[in-house]
Amino acid sequence: MSIPLDRAYSLLEVKTVEPSRRTISGLASTPELDRQGDIFDPAGATFKNPIPLLLHHDATHPIGTAYLTATAAGITFEATFPTVDEAGPLKARIDDAWQCLKAGVISGASIGYRVLDGGVQYLKSGARKLVKTEICELSLVTIPANANATIRLVKSLAASRRTEPPMKQTSTEHIQALENKRAALAARMTEIMETAAGESQTLEADQATEHDGLTLQVKSIDADLGRWREMERMQITTAQPVPSAPSARPSSLPRISVKANVAPGTAFIRYAQAMACADGSLMHAAEYAKRWADSTPEVELALKAAVAAGTTTDATWAGPLVQIQPLANEFIEMLRPATVIGRIPGINKVPFNVSIPAQNSGGTYGWVGQGAPKPVGKLTFGTVTLGVTKCAGIIVITEELARTSSPSAEAVIRRDMINGIAYFLDQEFTDPAKAPVTNVSPGSITNGVTPITSAGTSGANARTDVQAMLSAMSAANISARGAVLLMSEANALALAGALNPLGNPLFPTLDAQGGTVRGITVITSQVLGANNILLAPDCIIMADDGGVTIDVSREASLQMDSAPMAAPDATVVMTSLWQMNLVGLRAERFINWKRARTGCVQIVVQTYVG
């Protein structure tokens, strides 16, 4: 004979689903007013795990077992449907219940319980609070439709069937869940205070502890709600309108590009690796590149394009020829942020071997009295031409490193190529000792500039030095608007720690990575050493073809020196790449620069100590 039990219903809010174990977990009851006018207190509930899992409270037809846990938010559960291999009523019943759950037909949970002696408190609202109960079973039941709960259940189960993580909640869903939780906590706080008001007027110790804990939870939820609402506002302001349907013309359809999830510059590095492994043979390199067809197919396409013949009947023959340019452009996009040149905004870009007019001086202007003659001045112009110059370097790697396609090997080559070219260009661009060599290389932007005498090594002296450079630039009739200050990371770090007599930072917006000094953008590079350079970017012109050329050799003999002797003599030691099982990658980049106006670059040579 079964014992008659009371029942408390709640929406089946499934948290996790594991189809392989046929296990679900979720929330079976909450301390909220149910449809029968009762409030089930989870703190006063007793149970003995595991308890039977039933369907529609039918004690004669169990479908599994459940383990309960009492929390402040309610009674949570983890239920398991056993796997029955033998055909029969039990297997059919369990499989039917599991299928109903997955389909969303069952959307509620209910606990069967009995009230213990003294387990009922009557509130002023007329509701009963069940403070001492024994939970005897958990059932899956059909509850009148609740769209939100049903959708959450179906999404969770569908996601688990795909063996993927559950779908993320939107900001609105997060906010709604937090508001629901807050309402439940607030209701419990109100209930505690009403109970005290009807009894001793003073909270008991356990009531005070519970109320204080609920207060902290509410404050935490309020803070989270503020964050999520701000996130929702940001998403609304940054939302993009859904594009209208495309027209019937194929040319108006959007172009979709799918790229592999590999590090930037990987395609270019793999192109260089393929060339190295194939000893410069494009056909063999294309075959070698097939190993990357799943992640960087453009490498193989670029190598094939270089040897493909064009015909007048093939309208798309020239398409692949552009593939090598994106590969090089991707590498250049990585290189630019690594160099001082690439980080200076506003530099004038010009073509090679083109005369560019440059203004050397301005007109004469002044106040003119009534009937007085007006001053006459003239503009003086010159021309600046940037010839074709190139920087080049040879990177020597082992045969084994060239042949491996592991990400770590690619990272080594990529890092070496970027750092090597960046260091060289930074040094050539800023070193005052670097003079121009006709038809070979440009001089640095500081070559020939008379340094301003530093006021000293302290942070206050640095402020004086910056002002002196600004004044010198202004005296040359060059605007400091948009000016950039270049200094070493060590100098920037020293100034970032400099304090005024009151103990406040002299340069609060500066750190080793850069920042600003008196509103002027600071760019740091350790190549600069003691050179602190102020420049007007719009007065610097630069020609750059925007690409890097890679050549490969195994048979060359090299001077393994960063400054090789131009005409090697008998003292120079040559290293045979073939003999040492090495591969040489020669990288070349065509680039040139020049100051367009006198006074647009100022320099102070000083190492600051803060």
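FYI, it's all coordinate maths here, none of it is from the lab. All of these numbers come straight from a predicted model, not from anything done at the bench. Here the Cβ positions follow ideal geometry from the backbone for every residue, glycine too, while neighbour counts run over all protein chains shown.
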Sequence order, segment 494-503: Karplus ³J(HN,Hα) from phi using 6.51 cos²θ - 1.76 cosθ + 1.60, θ = phi - 60°, Hz rounded, Gly and Pro as x, gives 5, 5, 4, x, 6, 10, 8, x, 8, x
Amide H of Trp593: which non-local residues (sequence gap of 5 or more, or other chain) have their own amide H closer than 5 Å, using H built in the peptide plane? Ala543
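Ranked by Cβ crowding within 10 angstrom, fewest neighbours first, how are Ser295, Ser525 ordered?
Ordered by Cβ neighbours within 10 Å, fewest first: Ser295, Ser525.
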Amide H contacts under 5 Å for Phe507, restricted to residues at least 5 apart in sequence or on another chain and with H modeled in the peptide plane, are Ala498
Sorted on mean Cβ neighbours within 10 Å (highest first), peptides 594-606, 565-577, 171-183 come out as 594-606, 171-183, 565-577
When you count, for each residue, the other Cβ atoms within 10 Å and take the mean per peptide, how do 442-450, 490-498 rank with the highest first? 490-498, 442-450
Just to confirm a number: summing +1 for Lys and Arg and -1 for Asp and Glu over residues other than Lys48 whose beta-carbon lies under 14 angstrom from that of Lys48, what do you get? -1
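In square nanometres, what is one fourth of the surface area of the convex hull spanned by the alpha carbons of segment 170-234?
4.4 nm²
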Going fewest to most other Cβ atoms within 10 Å around each Cβ, Asp561, Asp95, Asp294, Asp538 line up as Asp294, Asp561, Asp95, Asp538
Please name which of Trp228, Leu216, Ile192 has its Cα lying farthest along the dipole of segment 170-234 towards the positive end, using unit charges on Cβ (Lys, Arg +1; Asp, Glu -1) and the Cα centre as origin. Trp228
By counting other Cβ atoms within 10 Å of each Cβ, how are Ser471, Ser139 ranked from fewest to most? Ser471, Ser139
Pairs Lys48/Lys102; Lys132/Lys181; Lys102/Lys181; Lys102/Lys129; Lys48/Lys91; Lys48/Lys129: which are spaced more than 32 Å apart, C-alpha to C-alpha? Lys102/Lys129
Which residues qualify? For Ser525, with a placed amide H closer than 5 Å and at least 5 residues away or on another chain, they are Met487, Ser488, Glu489
Determine ³J(HN,Hα), in whole Hz, for all residues of segment 233-238 in sequence, where each value follows from phi through the Karplus function 6.51 cos²θ - 1.76 cosθ + 1.60 and θ = phi - 60°; x replaces Gly and Pro. 5, 5, 5, 5, 5, 9
